[in-house]
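Only one structure is covered here, and it is reproduced in the block below.
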Amino acid sequence: MRIGILLLSFLCLFIQGAEAKINRKALLQRNSPIVHGFDSLSSLSVGNGGFAVTVDATGLQTFPAHYSKGVPLGTQSDWGWHSFANPKRYTPEDAYRDYDFGRGRMEPYSVQFNEPGRQQDAANWLRINPHRLHLGVVGFELPSTVTFDDFADVTQTLLLGSGIIDSRYTLQGVPVHVQTVCHPERDLLAARVKAGQPMPIRLHFPYPTGEHADDACDWDADSKHHTTLVSRRNNLAVFRRTIDATIYYVVVQWQGDVLIAQPSANCFVLTPSTGDFAFSCEFLPTYTTTFTDYLLPTFGEAATASATAWAKFWNEGGVVDFSACTDPRAPELERRVVLSQYLMAIQAAGDTPPQETGLTYNSWYGKFHLEMIWWHQSHFPLWGHADKLHHTLSWYEKARPMARSIAERQGYKGVRWMKMTDPSAAEAPSKVGSFLIWQQPHLIYLAELVYRANPTKEVLDKYFKLVQETAEFMYSFADYDEQEGRYILKGIIPAQETLRAAETINPPLELSAWHYGLSTAQLWRERMGMRRIPEWDRLLAKLSPLTADEQGRYLAAETATDSYTNTRYLTDHPAVLGALGMYPESHLVDKATMSRTLHALWDLWGWDTSWGWDYPMTAMCAARLGEPQKAVDALLMPETKNTYLPNGHNYQSSRLRLYLPGNGGLLTAVAMMCAGWDGCDTPNPGFPADGTWNVRWEGLQAMP
C-alpha cells in the first residue's frame, strides 16, 4: 500500500511538472487579423516566400489607387524584373571613382555623382535598373459609380492556419463571399467567389515607374507595353506581357462559362455567367505554346495545398505563447510575433534575399540589401525553419563571381559582398552602400545557423568555400598598425550611416562582426578536418577592442570622440549595441562598459530617427547584459517606427509603410529572449522573472 501511495505521489508530481503543449490552433485563431473596411494600411497578403499578392477588403485587388500610398496591392515575385533601355550603353565602370584610404593604392568604388555628366547619368541608370515589376492587378470590375459607401458588413479574416483570406460583405445589398489563396509551390493566385450576381474579374497590367519607392504602377503608359491574348481554349487563357525587352506570361483557368473582353490596351475582363465562380491565375517567366495540356490547380486544389503547407509550418516550427503573461502589453507582443512569422514566410523566403518591403511594393527600386539579410532571415533556423534560409543562401553561390570581382578591383582577396543588388548580383552605385562592410560576415553567421539546425557534412560541404572566401576578404581588409601592434578597420561607412568613410576607424559593430566571422570560419575549418589559418588567429588575437570614453561608455567609432555630445552620433542606428546583441561575448567587449553604454543611449538616443530593427537589436543587447525588463521595453518602445499595423507590418513612415527587417528582427530577438544563447542556462533570459512574463515556447533554438 505504501509503495502504491509513493508511486501515485510521484505520478502527480510528474504531471504537475510536465508543461502542457501549447494550443497552436488557439494561438493562431486569436491572432488572425480581421478587417472591417477599406483601410489602406490594413490590406492582407497571401504568398509562398518567393511570390505574394496583396488584396483589399473585396478579397481581390479591386481598388489599387486607394491603397497605393498605404500598403499597396502588389503582385510580385523573385523573378519579375525589368530594365529600361540603355541607348547610351552605360557600363558599371562608368560609375567608378577612386578613393585613397591610406593603403598605398587607389580603390575604385561604385558611387553616385553630384556633378552632371556621363558618370552621374550612368550611376543613376545603374541604380534604377533592373527594378522589380508589379506583375498585374487581379480585381473585380465594378461600375465606375460604385463607392466604398456601397459596401456594408465587411468582415475580412486572414485564416493563419490555412493561408486563406476569407472576405464577406454586401455590395449594394447583394451578399458576396470571396476566398483567396496562394499556391505554396507555384506563383499562382486562386479565388472562389460566391455572390448573388456575376462578379467580373479585371486583369490590368501597368508599366513600371522606375521610382525609388512606390507601387511600380504607371497607368498612363499603355503605348510602352503590350498584353496579348495568345491562346484561348475551353476554360483557359494565356496572356503574354511584353515590356520593352522583358516578356512574361499570365495563365488563367476557371470553371464554367466566361466571356473575355479587352476594354483597353493592357486590360482584360473575364465575365462569368453566374455569381458562383472560381478561377486560378498563374504568373510565369516563360511559357511555350507546346504546353497543350497545361492545366492549373483549381481553387480547391490550391486551397488544400496551402492548408497542408501551413499546417506543416505552424506544427513543425517554433511558437511562443504569451497568454499566461499578466503584463498588459503581452497580447500585443504575441500578435506582433505571430503575424511576423506569417509575413516573413510569405514575403521573405524565396530564391533571392528579400527587399525591405518584401513582395508588396518597391523600395530602393525593388532591389535587396545584403546588410539586411541577417534581419530578414536569421530567425528562420531559430524558429525551426532552416530550410527557408537554406533555400535563399544558394543565391550567394550565383553572386560569388561578382563579389570576387569587387574585391579584386579594390585590391583585396576573397569575395566582397555588395550592399544593394538584384538577382544578377550587379552592384548598385551608392554614396553610402558601397562603403558598408557589416554585411560581409552575414553569410558566415547565417550558414552557421543552418549548420547548428542541421549539423551535417552536407551543410559544411555546401557552404564551406563561400565561408572561407568571405573570411579571406575580411582578413585582407583589416589593416595592421605596426606602431600599436593591432589590427584596425578603416575606410568604411559603418552600420550607423551618419559616420563618414574617410574619417572612421574601428566602429564597434564591425569589430565584433569581424571577430565572430573569422572565429566561425576557423571553426568550420576544424569541422572539415583542416588546420586553422595562423594569420587569421593572429588577427583575432590582435583585433582592436571597442573604444570607450572617459565615462566608460563605448564610442560610435574610435574616431568619434564626441559620440555623446554631437547629435550626428546620436541618430540613425545605435549600432554599438549590436556589438553585444547580434554578436556574442568576446574579449573585445566589456559587459560593464556596454551596460553603461546601453543606459546612456537609452536616454540620449534620437529614437525618432531609428529604424524597425533597432528595437530588437537593443533588446538583444539588454538580454545579454542581464536586463530583461529593458529588453521587453525595447521591443515595445512606443515610437512611430516601432508601430505594427493591423496586418502585422512594421510601419516606418509615409515612404516605408512596411519594413520587414523590423519583423524579422523581432522574431530573432524573441527567440533569443526565450531560448537564450550559447553559455546561457537561465530560462527565458530575456523576460523578467517577476511573474508578469510567464512566456511559454516550443521549438526554438539558442543563438550563438
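Points worth noting:
- In region 489-519, residue surrounded by the most Cβ atoms within 10 Å (Cβ to Cβ) [restricted to those that are among the β-branched types (Val, Ile, Thr) and touching a residue at least 60 places away in the same chain (Cβ under 8 Å)]: 493
- Residues in region 353-365 that are crowded, with 22+ Cβ neighbours inside 10 Å and either part of a loop (DSSP other than H, G, I, E, B) or under 15 Å from the mean Cα position of the chain (by Cα) (or both): 353, 354, 355, 356, 357, 358, 359, 360, 361, 362, 363.
- Exactly one residue out of 139, 70 is surrounded by 17 or more Cβ atoms within 10 Å (Cβ to Cβ), modelled with pLDDT of 95 or more and assigned to a loop (DSSP other than H, G, I, E, B), and it is 70.
- Residues within region 273-320 that are in a helix (DSSP H, G or I), among the hydrophobic types (A, V, I, L, M, F, W, C) and in contact with a Cys (Cβ under 9 Å, 6 or more places away or on another chain), tallied: 1
- Any hit, region 520-542, residues being of a type in the set (A, V, I, L, M, F, W, C) and buried (at least 23 other Cβ atoms within 10 Å of the Cβ): yes
- Output for region 600-649, where each listed residue is of a type in the set (D, E, K, R) and either assigned to a loop (DSSP other than H, G, I, E, B) or over 30 Å from residue 160 (Cα atoms) (or both): 603, 608, 624, 627, 630, 639
- Here residue 323 meets each of (1) outside any loop (DSSP other than H, G, I, E, B); (2) more than 16 Å from residue 161 (Cβ to Cβ) with one exception, condition (1).
- Taken over region 565-579, the residue count meeting the criterion of being in a loop (DSSP other than H, G, I, E, B) and either touching a helix residue (DSSP H, G or I) at 6+ places or on another chain (Cβ under 7 Å) or buried (at least 24 other Cβ atoms within 10 Å of the Cβ) (or both) is 4.
- For region 382-393, filtering for residues that are under 14 Å from residue 447 (Cβ atoms) and more than 16 Å from the chain's Cα centre (by Cα) leaves 0.
- The number of residues in region 635-658 being of a type outside the set (A, V, I, L, M) and farther than 17 Å from residue 356 by Cα comes to 4.
- The residues of region 73-95 that are without any contact (Cβ under 8 Å) to a residue 60 or more places away in the chain and either basic (Lys, Arg) or in a strand (DSSP E or B) (or both), listed by number, are 88, 89.
- Close pairs (6 angstrom Cβ cut-off, 6 or more residues apart or separate chains): farther than 29 Å from residue 358 by Cα in region 116-144, outside any strand (DSSP E or B) anywhere: 119/94; 119/113
- Candidates are the residues of region 236-261 that are at pLDDT below 95 and exposed (fewer than 15 other Cβ atoms within 10 Å of the Cβ); the one that is farthest from residue 278 (Cα to Cα) is 257.
- Boolean, residue 127 is in contact with a Gly (Cβ under 9 Å, 6 or more places away or on another chain) and either part of a helix (DSSP H, G or I) or closer than 30 Å to residue 409 by Cα (or both): no
- Residue within region 580-596 that is crowded, with 22+ Cβ neighbours inside 10 Å, assigned to a helix (DSSP H, G or I) and either out of contact with any Lys or Arg (no Cβ under 8 Å at 6 or more places or on another chain) or without any contact (Cβ under 8 Å) to a residue 60 or more places away in the chain (or both) present: yes
- Per-region count, region 366-387, residues assigned to a helix (DSSP H, G or I) and surrounded by fewer than 23 Cβ atoms within 10 Å (Cβ to Cβ): 3
- Looking only at region 262-310, and only at residues there that are among the polar types (S, T, N, Q) and under 14 Å from residue 180 (Cα atoms), the one that is surrounded by the fewest Cβ atoms within 10 Å (Cβ to Cβ): 304
- Of all residue pairs spaced 6 or more apart or on separate chains, those with beta-carbon atoms under 7 Å, a first member in region 669-695 that is hydroxyl-bearing (Ser, Thr, Tyr) and a second member that is in a loop (DSSP other than H, G, I, E, B) and buried (at least 17 other Cβ atoms within 10 Å of the Cβ) are 682/676; 692/325; 692/327.
- Among the residues of region 1-60, the one identified as small (Gly, Ala, Ser), at pLDDT 95 or above and in a helix (DSSP H, G or I) is 26.
- Meets criteria (in contact with a Gly (Cβ under 9 Å, 6 or more places away or on another chain) and either of a type outside the set (A, V, I, L, M) or surrounded by 15 or more Cβ atoms within 10 Å (Cβ to Cβ) (or both)) for residue 99: yes
The values are calculated or read from the model by the stated rules, or taken from the named source; none is laboratory data. Quick caveat, the model's predicted, so the values are computed rather than measured. Cβ coordinates were reconstructed from backbone atoms using ideal geometry, including for glycine residues, and neighbour counts include every protein chain displayed.
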